[in-house]
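Peer 1: Here's a structure for you.
The values are calculated or read from the model by the stated rules, or taken from the named source; none is laboratory data. Keep in mind the model is a prediction, meaning the values are calculated, not measured. Neighbour counts run over all protein chains shown; Cβ positions are idealised from the backbone, glycine included.
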Amino acid sequence: MELRIENLSKRYPNGTQALQNVSVNIPVGMFGLLGPNGAGKSTLMRTLATLQEADSGRATLGDIDILRQKDAVRRVLGYLPQEFGLYPKVSAEDLLTHLATLKGITSAKERKEVVRALLQQTNLSEHRRKALGSFSGGMKQRFGIAQALLGNPRLIIVDEPTAGLDPEERVRFHNLLSAIGENIIVILSTHIVSDVTDLCQAMAIIHQGQVRIAGNPSQLVEELRGKVWQKSITHADLATYQERFQLVSMRLFAGRTLVRVFGQQEPEPGFEPALPDLEDLYFATIKGFIHRSATGPVN
């Protein structure tokens with residue numbers, strides 16, 4: 001099974017081109033959709049979740065036409081949006097039971113077993129009778145995954161799931177997503193590079209409504225080897241380096257400014273080769289320093 005997106009476009013009434021000819025194939029497993037805020041990630045996710053219409057293009061999940069067969073999509077879809085409402089005074093067990101009924105699980109015995117299993121899978125069993133309003137941010141996200149798993153979905157979409165979580169909850173949530181993504185398609189939409197580094201075997205970077213690069217994260221980063229350089233400079237020199245070189249990123253290190261630059265060869269004496277990572281790929285891509293054709297290397 002594969003999710004195929006072909007030339008998907010969406011322009012909002014205010015003139016914003018949210019998606020422009022987006023094409024990407026998404027296999028079974030964890031897929032990272034990486035991009036800055038406003039890049040078009042949420043528009044694409046909402047379109048795939050049948051919550052809004054595209055202007056043109058095509059999207060299919062196996063033999064299901066996502067844009068035309070919305071009811072069929074919803075039967076095999078699990079969705080965790082960036083913002084989702086919960087009834088604060090209702091217990092996790094009661095709300096998940098109610099949602100299971102809405103999902104079409106009509107047998108009380110089956111519903112009870114499904115709810116029990118999902119609360120155990122998301123490590124919420126001991127909190128099942130607690131009001132959702134008392135849950136931490138990470139617990140609410142795990143409950144969100146539990147409801148997304150109702151009905152044995154073939155496609156799960158999670159939109160910015162780790163934003164605002166503390167490090168311990170991020171690790172717990174990552175482990176949960178990784179286990180889920182072994183046998184179904186899970187799309188992780190995020191602007192947090194480390195989420196994709198830790199979880200995904202396939203990814204795409206989207207910027208200004210367009211997919212700029214797609215592939216295996218490790219392979220894409222490897223293609224940057226020998227093209228990322230770093231140098232420690234004074235902060236006063238930063239503006240000059242920004243003008244002269246393709247500056248990927250900068251950070252403070254030991255009171256000085258460490259800059260990373262994209263270039264096919266050593267930019268000038270004093271630079272040293274840097275081991276590239278996904279953050280280099282991300283920033284170099286959205287800044288327009290690199291691109292990758294469907295079959296060609298990063299250049």
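Peer 1: Among the numbered criteria (1) of a type outside the set (Val, Ile, Thr); (2) free of Cβ contacts under 8 Å to residues at least 40 places away in the same chain; (3) farther than 30 Å from Ser23 by Cβ, which single criterion is violated by Lys231?
Peer 2: Here Lys231 clears every test but (2).
Peer 1: Of the residues that make up the range 258-274, is at least one polar (S, T, N, Q), at negative phi, outside any helix (DSSP H, G or I) and loosely packed, with under 14 Cβ neighbours inside 10 Å?
Peer 2: Yes, because at least one residue in the range 258-274 is polar (S, T, N, Q), at negative phi, outside any helix (DSSP H, G or I) and loosely packed, with under 14 Cβ neighbours inside 10 Å.
Peer 1: Now, a different point. Only one of Thr47, Thr97, Thr122, Thr106 is under 30 Å from Gln210 (Cα atoms), among the hydroxyl-bearing types (Ser, Thr, Tyr) and assigned by TED's automatic domain parsing to the domain that holds Ala179; which?
Peer 2: Thr47
Peer 1: Which residue is farthest from the chain's Cα centre (by Cα), if the candidates are limited to the range 104-120 and must be among the polar types (S, T, N, Q) and at pLDDT 90 or above?
Peer 2: Going through the range 104-120, the residues among the polar types (S, T, N, Q) turn out to be 106-107, 120.
Keeping just the survivors that are at pLDDT 90 or above gives 107, 120.
Numbers: Ser107: 35, Gln120: 25 Å.
This residue is Ser107.
Peer 1: Go through the range 150-184 residue by residue and tally those that are closer than 19 Å to Gln82 by Cβ, not in a loop (DSSP other than H, G, I, E, B) and not charged (D, E, K, R).
Peer 2: 9
Peer 1: Next question, about the same structure. Could you say which residue among Arg68, Arg129 is without any contact (Cβ under 8 Å) to a residue 60 or more places away in the chain and either of a type in the set (Val, Ile, Thr) or in contact with a Ser or Thr (Cβ under 7 Å, 6 or more places away or on another chain) (or both)?
Peer 2: Within the list Arg68, Arg129, the selection yields Arg129.
Peer 1: Taking into account only those residues within the range 191-233 that are farther than 23 Å from Ile5 by Cβ and among the aliphatic types (A, V, I, L, M), which is nearest to the chain's Cα centre (by Cα)?
Peer 2: Checking each candidate, the answer is Val221.
Peer 1: Follow-up question, since we're still on this one. Determine the pairs where a residue that is free of Cβ contacts under 8 Å to residues at least 12 places away in the same chain, located within the range 95-111, has a partner that is assigned to a helix (DSSP H, G or I) with Cβ atoms under 7 Å apart, the partner being 6 or more residues away or on another chain.
Peer 2: Thr101/Arg111
Peer 1: Continuing with the same structure: Among (1) among the small types (Gly, Ala, Ser); (2) surrounded by fewer than 16 Cβ atoms within 10 Å (Cβ to Cβ); (3) assigned to a helix (DSSP H, G or I); (4) under 22 Å from the mean Cα position of the chain (by Cα), there is one condition Ala236 misses while meeting the rest; what is its number?
Peer 2: Status for Ala236: all satisfied but (4).
Peer 1: Suppose we keep only residues that are small (Gly, Ala, Ser) and touching a residue at least 24 places away in the same chain (Cβ under 8 Å) within the range 195-221. Which one would you say is surrounded by the most Cβ atoms within 10 Å (Cβ to Cβ)?
Peer 2: Ala204
Peer 1: Asp198 fails exactly one of the following numbered conditions: (1) at pLDDT below 95; (2) over 24 Å from Gly40 (Cβ atoms). What is the number of that condition?
Peer 2: It is condition (2) that Asp198 fails.
Peer 1: Of the numbered conditions (1) closer than 18 Å to Pro81 by Cα; (2) modelled with pLDDT of 95 or more; (3) part of a loop (DSSP other than H, G, I, E, B); (4) not acidic (Asp, Glu), Leu67 fails exactly one; give the number of that condition.
Peer 2: With respect to (1) closer than 18 Å to Pro81 by Cα; (2) modelled with pLDDT of 95 or more; (3) part of a loop (DSSP other than H, G, I, E, B); (4) not acidic (Asp, Glu), Leu67 is out only on (1).
Peer 1: Oh, and also: Please state which of the following conditions Leu80 fails to meet, knowing it meets all the rest: (1) without any contact (Cβ under 8 Å) to a residue 40 or more places away in the chain; (2) within 23 Å of Gly29 (Cα to Cα); (3) buried (at least 20 other Cβ atoms within 10 Å of the Cβ).
Peer 2: The failed condition is (1).
Peer 1: Report whether or not Leu118 is touching a residue at least 40 places away in the same chain (Cβ under 8 Å) and of a type outside the set (Asp, Glu).
Peer 2: No, not satisfied.
Peer 1: If Gly164 satisfies all but one of (1) closer than 21 Å to Ala92 by Cβ; (2) crowded, with 21+ Cβ neighbours inside 10 Å, what's the number of the condition it fails?
Peer 2: Tallying (1) closer than 21 Å to Ala92 by Cβ; (2) crowded, with 21+ Cβ neighbours inside 10 Å, Gly164 fails exactly one: (2).
Peer 1: Filtering the range 235-286 down to residues that are touching a residue at least 40 places away in the same chain (Cβ under 8 Å) and touching a His at 6+ places or on another chain (Cβ under 8 Å), which residue is nearest to Gln208 (Cα to Cα)?
Peer 2: The selected residue is Ile286.
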